[in-house]
Structure formats: structure tokens, C-alpha cells
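*Asks:* Let me give you the structure first, and then I'll get to my questions.
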Amino acid sequence: MSADSTPNTPKNTASGNDVASGAASGASTNPAVDGSELIRFDKVTKRFGSHTVLDALDMNVYSGKHVTLIGPSGSGKTTILRLLMTLLKPDEGTITLAGEYLTHEKKGDKLVPASDKHSRQIRKNIGMVFQQFNLFPNMKVLRNITEAPVHVLGLDKDAAEERARELLDLVGLTEHLDKYPTQLSGGQQQRVAIARALAMRPQVLLLDEVTSALDPELVAGVLDVLRDIAHTTDITMLCVTHEMNFARDISDCVMMFDAGRVIEFGPPEQIFTDPEHERTREFLSAVL
Amino acid sequence: MKFDWSAVGDFMPLFWRGVVVTLEVLALGSLMAFALGLVWALAQRSSLKVVRWPVTALTEFVRNTPLLVQLFFLFYVMPEWGVTLTAMVTGVLGLGLHYSTYTAEVYRAGIDGVPVGQWEAATALSLPRSRTWIAVILPQAIRRVVPALGNYVIAMLKDSPMLFAIGVLEMLGQARQFSSQTFQTVEAYTVVGIAFILIAYPASLLLRALERRLVR
């Protein structure tokens with residue numbers, strides 16, 4: 001099933017929300033994308049106490065796609081990113097990345113919860129940028145970016161620094177590489193955080209409300225950098241944001257969440273201009 | 001009562017020997033308290049009960065019994081079990097062990113104070129556990145607790161005369177010996193009292209300056 005053949009499959013989450021193949025969006029600017037399935041959520045349930053945040057969610061994301069998750073707060077968008085980053089464990093269901101279990105591993109023919117080592121191996125392919133940046137304040141900008149490539153990927157120091165300089169150039173902060181994060185503005189810190197995530201060359205980049213903690217005048221700089229990355233690389237993006245113009249700009253697919261379910265999804269022009277679902281209409285009229 | 005300045009002069013050679021011993025005990029004891037305390041703090045975060053439980057029992061026990069009792073135990077009881085240590089070694093071990101249970105709490109608070117986002121960022125970068133501790137968590141935690149650790153160094157300085165009770169001739173021990181031989185008590189003890197102030201007060205000033213620098 002692909003998004004454009006069945007653009008409106010509200011409520012029917014059990015049959016899957018394929019954020020589909022090359023045809024999903026005419027606006028796809030990533031011809032290199034091979035369109036294979038990269039992320040799969042299979043009946044994933046997550047509860048916090050008695051509150052069910054995600055309810056048997058099925059979801060697929062295809063390689064190279066840029067997917068934006070929208071919806072009221074508490075609807076489970078951020079939980080999806082945190083599950084993918086293994087910051088949370090699902091209560092039920094499985095998550096796979098490129099066919100490999102992320103949260104589980106095979107022991108014989110039984111599926112058991114993943115060891116720390118296994119999930120670290122798989123999650124190397126996933127990068128995340130946080131709302132609060134979470135840069136390491138005890139390291140200068142350059143080392144924030146080289147730390148993981150050196151100690152996780154085994155790059156030598158020179159190669160890692162070379163890579164870091166290229167990325168700092170991409171985010172427009174070359175002259176700040178020798179500063180500590182606290183010496184930078186919020187917008188600059190967030191751009192460093194983006195460079196830090198990209199330095200691991202992840203297949204998937206998770207963006208968790210990356211502009212929400214920024215002063216309004218700093219938002220544009222960060223979004224410009226992300227637009228640039230979205231349009232010039234074939235990285236797969238999952239993005240939780242309240243910046244609807246940005247979502248419209250970079251997304252191949254927008255998913256509307258409500259109460260732990262995907263109630264509607266489709267290309268941005270459709271979701272933003274002609275949503276099927278009453279709940280989506282309400283939400284958009286409140287935020288736009 | 002007469003204050004005899006010449007007695008002060010007579011005491012000086014012994015006094016300086018005592019100062020050296022006090023500072024030695026303080027330096028070695030502090031190093032031990034810093035290192036062991038970190039070991040306790042990390043062990044108490046272990047996911048293994050067999051590691052956590054004995055460490056908690058040991059640190060609670062040591063923290064809640066008097067230093068003097070511990071010193072006597074190490075010095076007079078351990079030999080019964082075939083472990084005989086010099087007074088100096090016993091003193092350093094006793095002081096270091098005792099204060100390690102306090103520094104463990106300090107480290108624990110420092111580690112708890114590192115924002116959860118730092119752990120999450122380390123996870124998101126797939127940093128191994130050991131690297132997360134060494135490069136991310138501990139540098140931030142320790143920076144926060146340097147002033148608190150410093151306060152315990154000053155407290156250790158003030159507890160160091162207890163080592164006199166097992167025969168370590170630090171400042172107080174030397175004063176006691178001098179006064180018992182010359183019967184000039186006022187001079188020797190006065191010198192020692194002033195010496196403690198001269199060491200402790202600048203040290204606490206230094207700490208306050210350090211605190212201003214570190215806690216930004």
C-alpha cells in the first residue's frame with residue numbers, strides 16, 4: 001500500500017501507514033532514493049503508567065523520505081522518535097531498521113529484548129537532534145562533533161576533525177569551532193547539534209521539536225540549515241515540529257497523530273489544504 | 001601565666017616535623033577519599049545487586065561509626081588477624097576510608113545533577129557506557145562538586161589530630177610531646193592552634209574562589 005494510491009486511510013491504522021515509495025510525493029527531490037522500507041513499527045504499544053501513548057501502532061517509513069509528525073501535544077509524536085532512538089522501550093510490538101530488530105534480537109528462534117550492545121550496534125544508523133540541544137558543555141564545539149566518530153566509528157582524529165569542519169561549514173559555524181557551547185546562542189548551539197548528529201553519517205535523522213526552545217529570531221537560521229540538508233542529501237528524516245511552513249517545505253509525507261494513533265497521512269499539500277479528518281482540520285486551524 | 005617566646009623557638013624544629021606529617025596525611029588521605037569515594041558512588045549505580053548491596057552496607061557502616069573507633073580498630077584489632085600496619089599507614093587508610101563515605105555522597109549528588117539530556121545525547125551518539133562516563137558525565141559531575149570535596153579536605157585537616165591517638169606524630173602529637181618534656185604547654189598548643197587557622201582559613205578562601213570560577 002502506498003500513500004498516493006490510498007491517500008486517505010484514516011482510522012484504519014491496523015492495516016498500516018505506509019509512508020510510501022517514490023510516488024508518494026511529486027515533490028520528492030531525492031532521485032537517489034531507492035525507496036526500500038527503512039523503518040517499520042509493528043503493533044507498537046507504549047504506556048506510561050495507565051496512560052497509553054501509542055496504541056498498537058503500525059508504521060513504515062521508506063528510505064530517503066522526509067516525514068513530519070504533527071498533532072496535539074501528548075499524541076505520541078515524540079514518543080515515536082524516542083522509541084527509535086532507544087531512549088524508551090516499547091511495551092509491546094517490534095521496531096525494525098532496515099530489516100534488523102532495534103528493540104529485540106534473535107536468540108535461537110526466540111525474540112528477546114535487545115542487549116545494550118545489540119541496540120547500540122543498530123542505533124548507530126540513527127541520529128537525533130533534541131529540543132534542548134544537549135551539547136556536551138565540557139567539550140569545545142569541534143570535540144562535540146568528533147567525539148562519537150572517533151570513539152564509536154573508530155575514525156582517527158584527523159579524519160574526524162576534517163569531517164567536523166565540513167559539517168561546521170555546512171551549518172555556517174566554522175569560526176566557532178574553538179568555543180564552548182555556552183558561548184554560543186541557542187540557534188548556533190542547535191546547528192552544532194545538527195552537525196554532531198550528521199557526523200555519524202546516520203541513515204535516519206530524528207528531529208524532536210528542534211526549534212521550540214529557540215528565540216523567534218533564531219528559528220529561521222536553524223530551519224534553513226535543515227532545509228538545505230533535506231534538499232541536498234538522501235538522509236531519511238523524521239521530524240516532530242510545530243513549524244507548519246517548514247513541514248510543508250521539506251516533507252514528502254505528513255502524519256497527523258491523535259491519541260496515539262495516526263488518524264491521517266499524506267503529502268503535505270493535501271494534509272495542509274484539504275485534510276480529510278475533522279480532527280486534523282481543527283488542529284491545523286489552531287496552529288496555522 | 002607567662003608566654004615564653006623562647007619556648008616557641010625551641011618548639012619549632014619539632015613543630016615543622018609535625019606540619020610535614022599533617023600535610024602528608026592530609027594529601028594522601030584526600031587522594032584516597034577522592035578515589036575510593038568515586039568507586040563507591042559508581043558501584044552504587046551498578047545494575048548488579050551483589051555489587052550495590054555490600055558497598056551500601058560498608059559505606060553506611062563506616063559513615064555512622066566514629067573515626068576514632070575505626071582508627072583503634074585498624075591499629076589494635078587488625079594485628080590480631082595478622083595485618084600489622086604502621087601508625088602512619090593506618091592513619092591515612094582510616095582517614096581516607098572514613099571520608100570516602102562522605103565524598104561518595106558528594107559524587108552521587110554531582111552525578112545526579114547532570115541533566116538527563118546529557119545521557120540521552122550520549123545514547124543518541126551510541127557512545128559506549130564507559131566513554132559516556134569518562135568523557136561526558138564525570139567531567140560535568142566532578143566540576144560541580146569540587147567545592148564540596150574541598151570542604152571535606154578542610155574537615156579532614158581538622159580531624160587529623162585524631163591520628164595522634166594511635167601514635168602518629170603530627171602537629172598535635174609533637175606539641176604534646178614537647179609540652180610533656182618541657183612543661184611549657186601554652187606555647188606549643190598555641191602554635192599548633194594558630195597553625196591550623198593559618199592552613200585552614202586560606203584554604204577555605206581558595207575554595208570559595210574556585211567555587212566562583214567553576215560554578216557558572
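We did not get these values from a lab; they are worked out from the coordinates using the rules stated. Owing to the predicted nature of the structure, the values given are computational and were not obtained by experimental measurement. Here the Cβ is made from the backbone with ideal geometry for all residues, glycine too, and neighbour counts use every protein chain on show.
*Asks:* Take peptide A:137-149, look around each residue's Cβ out to 10 angstrom, count Cβ atoms belonging to other protein chains, and average those counts. Don't jump to the answer; show the numbers that get you there.
*Replies:* Details: counts 8, 11, 3, 0, 0, 0, 1, 2, 0, 0, 6, 8, 1.
Taking all residues of A:137-149 together, the mean is 3.
*Asks:* Can you put B:GLU60, B:GLU24 in order of Cβ neighbours within 10 angstrom, beginning with the fewest? Working shown, then result.
*Replies:* Numbers: B:GLU60 11, B:GLU24 16.
Ranking B:GLU60, B:GLU24 by Cβ neighbours within 10 Å, fewest first, gives B:GLU60, B:GLU24.
*Asks:* If I fit a long axis through the Cα atoms of helix A:157-170 and take the longest principal axis of the Cα atoms of chain A, what angle between them do I get, 0 to 90°, rounded to 10?
*Replies:* Tilt relative to chain A: about 60 degrees.
*Asks:* Return the average number of partner chain Cβ atoms within 10 angstrom of each residue Cβ along peptide B:112-124.
*Replies:* On the way: counts 0, 0, 2, 3, 3, 6, 5, 2, 8, 13, 4, 8, 19.
Mean shielding by partner chains, rounded to a whole number: 6.
*Asks:* Just the number, please: Stokes-Einstein D of the range A:134-176 in µm²/s, Kirkwood Rh from C-alpha pairs, 20 °C, 1.002 mPa s.
*Replies:* Numbers: Rh = 10.5 Å.
Reported coefficient: 205 µm²/s.
*Asks:* Here is a further query. Determine the calculated [θ] at 222 nm for chain B from helices alone, applying -39500 (n - 2.57) to every DSSP H run no shorter than 4 residues and normalising by the residue count; nearest 500 deg cm²/dmol.
*Replies:* Details: 8 runs with 159 residues, N = 216.
Computed ellipticity for chain B at 222 nm equals -25500 deg cm²/dmol.
*Asks:* Okay, next question. Counting only complete DSSP H runs, which helices of chain B cover 30 Å or more along their long axis at the Cα atoms and score a mean Kyte-Doolittle of -0.5 or above? Walk me through the numbers before you get to the answer.
*Replies:* Values: long enough: B:5-43 (54 Å, 1.51); B:87-112 (37 Å, 0.49); B:185-214 (43 Å, 1.11).
Span-like helices in chain B: B:5-43, B:87-112, B:185-214.
*Asks:* Would you work out which of B:THR90, B:LEU42, B:LEU67 lies farthest towards the positive end of the dipole of the range B:5-99? Charges go on Cβ: Lys and Arg +1, Asp and Glu -1.
*Replies:* B:LEU42
*Asks:* Summing +1 for each Lys or Arg and -1 for each Asp or Glu, what net charge is found among the other residues whose Cβ lies under 12 Å from the Cβ of A:SER185?
*Replies:* Details: positive: A:LYS179, A:ARG191; negative: A:ASP215, A:GLU217.
It works out to a net charge of 0.
*Asks:* Distance check, please: which entries in A:LYS77/B:LYS49; A:LYS43/A:LYS107; A:LYS46/A:LYS179; A:LYS89/A:LYS157; A:LYS106/A:LYS140 exceed 31 angstrom between their Cα atoms?
*Replies:* Values: A:LYS77/B:LYS49 36 Å; A:LYS43/A:LYS107 21 Å; A:LYS46/A:LYS179 40 Å; A:LYS89/A:LYS157 34 Å; A:LYS106/A:LYS140 40 Å.
Those over the limit are A:LYS77/B:LYS49; A:LYS46/A:LYS179; A:LYS89/A:LYS157; A:LYS106/A:LYS140.
*Asks:* Could you give me D for the range A:215-280, from Stokes-Einstein at 20 °C and 1.002 mPa s, where the hydrodynamic radius is the Kirkwood radius over C-alpha pairs? Units µm² s⁻¹, please. Intermediate results must be reported in sequence, preceding the final value.
*Replies:* Values: Rh = 13.0 Å.
The diffusion coefficient I find is 164 µm²/s.
*Asks:* Further, regarding this structure: Each residue of the range A:46-62 in order: what ³J(HN,Hα) in whole Hz does its phi give by Karplus 6.51 cos²θ - 1.76 cosθ + 1.60, θ = phi - 60°, with x for Gly and Pro?
*Replies:* 9, 10, 10, x, 8, 8, 8, 7, 10, 10, 6, 6, 10, 7, 10, 10, 8
*Asks:* Now, a different point. GNM, chain B, Cα, under 10 Å: largest mean-square fluctuation among B:TYR107, B:TYR201, B:TYR99?
*Replies:* Among B:TYR107, B:TYR201, B:TYR99, the largest GNM mean-square fluctuation belongs to B:TYR201.
*Asks:* Taking the beta-carbon count within 10 Å as an exposure proxy, list A:ASP208, A:ASP109, A:ASP55 from fewest neighbours to most.
*Replies:* Values: A:ASP208 24, A:ASP109 5, A:ASP55 16.
So the ranking, lowest neighbour count to highest, is A:ASP109, A:ASP55, A:ASP208.
*Asks:* In debye to the nearest 20, how big a dipole does the range B:5-214 give about its Cα centre with +1 on each Lys and Arg Cβ and -1 on each Asp and Glu Cβ? Please report the intermediate quantities before stating the final value.
*Replies:* Values: 15 positive and 11 negative charges, 160 e Å.
In debye, rounded to 20, the range B:5-214 gives about 760.
*Asks:* What's the center-to-center distance, using Cα atoms, between the range A:131-210 and the range B:67-83 in Å?
*Replies:* 54
*Asks:* Further, regarding this structure: Please compute the volume of the convex hull spanned by the alpha-carbon atoms of the protein assembly as shown and report it per residue in Å³. Display every interim value, and only then the final one.
*Replies:* Values: hull volume 106.4 nm³, N = 504.
About 211 Å³ per residue, rounded to a whole number.
*Asks:* Evaluate the relative contact order of chain B (contact order divided by residue number), counting alpha-carbon pairs under 8 angstrom at least 6 apart; express in whole percent.
*Replies:* Numbers: 225 pairs, mean separation 66.6, N = 216.
It rounds to 31 percent for chain B.
*Asks:* Counting only residues 5 or more places away or on other chains, whose amide H sits under 5 Å from the amide H of A:GLU37 once H atoms are built in the peptide plane?
*Replies:* Under 5 Å from the amide H of A:GLU37: A:SER63.
*Asks:* Quick one: grab Rg to one decimal and Dmax as a whole number for the range B:5-214, Cα atoms only, in Å.
*Replies:* According to the Cα coordinates of the range B:5-214, Rg and Dmax are 20.5, 71 Å.
*Asks:* Same structure, new question: For chain A, what's the relative contact order in percent, using C-alpha pairs closer than 8 Å and at least 6 residues apart? Walk me through the intermediate numbers first.
*Replies:* Working: 568 pairs, mean separation 73.7, N = 288.
This gives 26 percent for chain A.
*Asks:* Let me ask you something else. Amide H to amide H under 5 Å from A:CYS253: which residues, 5+ apart in sequence or cross-chain, H placed 1.01 Å off N in plane?
*Replies:* Counting only residues 5 or more places away or on other chains, the set is A:HIS66, A:THR68.
*Asks:* Compute the helix-to-body angle for A:141-151: its Cα long axis versus the longest principal axis of chain A, expressed 0 to 90° and rounded to tens.
*Replies:* 70
*Asks:* In nm², what is the average projected area of the convex hull enclosing the Cα atoms of the range A:174-288? Please report the intermediate quantities before stating the final value.
*Replies:* On the way: hull surface 33.1 nm².
Its Cα hull, projected and averaged over all orientations, spans 8.3 nm².
*Asks:* Would you order B:LYS158, A:LYS124 from fewest to most other beta-carbon atoms within 10 Å of each residue's own beta-carbon?
*Replies:* On the way: B:LYS158 11, A:LYS124 17.
Ordered by Cβ neighbours within 10 Å, fewest first: B:LYS158, A:LYS124.
*Asks:* Could I ask something else about it? Let me have the 222 nm mean residue ellipticity of chain A computed from DSSP H runs of 4+ only, each contributing -39500 (n - 2.57), with the sum over all residues rounded to the nearest 500. Present the calculation step by step, with values, prior to reporting the outcome.
*Replies:* Values: 9 runs with 94 residues, N = 288.
After summing the helix terms and dividing by residue count, I get -9500 deg cm²/dmol.
*Asks:* Can you work out the base-10 log of I(q)/I(0) for chain A at q = 0.09, 0.11 1/Å, using the Debye formula on its C-alpha atoms alone?
*Replies:* Computed log10 I(q)/I(0) values: -0.42, -0.64.
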